[in-house]
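The values are calculated or read from the model by the stated rules, or taken from the named source; none is laboratory data. Keep in mind it's a predicted model, so treat the numbers as computed, not measured. Ideal geometry is used to build each Cβ from the backbone, glycine not excepted, and the neighbour counts take in all protein chains shown. When the accessible area is computed, the model is the full protein with side chains, heavy atoms only, and any ligands, DNA or RNA have been set aside. Shrake-Rupley method; radii C 1.70, N 1.55, O 1.52, S 1.80 Å.
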Amino acid sequence: QVQLVESGGGLVQPGGSLRLSCAASGNIFSIYAMGWYRQGPGKQRRLVATITSSDNTNYADSVKGRFTISRDNANNTVYLQMNSLKPEDTAVYYCNADLRQDLRQPRRNYWGQGTQVTVSS
């Protein structure tokens, strides 16, 4: 089994910062990419940022220049540093991992349980 456990969400004022963390644990052979997605009230889940095992990153246009994704490969952990937060960043943030549990199994996507980020004065 694989588990993704997120932490770091909360309530912050506009212009503030938060750092999300997500640790993957369990039977993991290799992680190819990790990322963050978010789902606002009444909206579809959308990509925020992804990072590959070779540190190639991809960001949604709405967060470029404000959010930074990074990862610690040794500890199977991905981070999302969020600066200059806006009310429209309010959402449940989900961690995602594209990984293989062993060579006999195909790559699969796994999701965390989500962490609430609320930007409000």
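From the P(r) of the chain, could you give the percentage of C-alpha pairs in the tail past 25 Å? So the pairs more than 25 Å apart make up 20 percent of the total in the chain.
Apolar share of the accessible surface for the chain: 44 percent from carbon plus sulfur atoms, 1.4 Å probe.
Look at the Cα gyration tensor of segment 1-41: its axes a ≥ b ≥ c give a/c of at least 1.5 with a/b over b/c, and that counts as prolate. On a C-alpha basis, how far is the centre of segment 52-118 from the centre of segment 1-46 in Å? Whole number, if you could? First find each Cα centre; the distance between them is then 5 Å. If you wrap segment 38-109 in the convex hull of its Cα atoms and look at it from every side, the mean projected area works out to 5.9 nm². Taking amide H positions as modeled 1.01 Å from N, with prolines and chain starts lacking one, the residues under 5 Å from Phe67 and 5 or more places away or on another chain are Asn83. Accessible surface calculations at 1.4 Å, restricted to protein heavy atoms, place segment 7-115 at 53 Å² per residue. For the peptides 97-104, 28-35, residues were scored by their other Cβ atoms within 10 Å and the scores averaged per peptide; the highest-first order is 28-35, 97-104. Hey, quick one: spin label on Glu88, modelled 7 Å out along Cα-Cβ, who in segment 105-120 has an amide N within reach, i.e. under 19 Å? So the set is 117-120.
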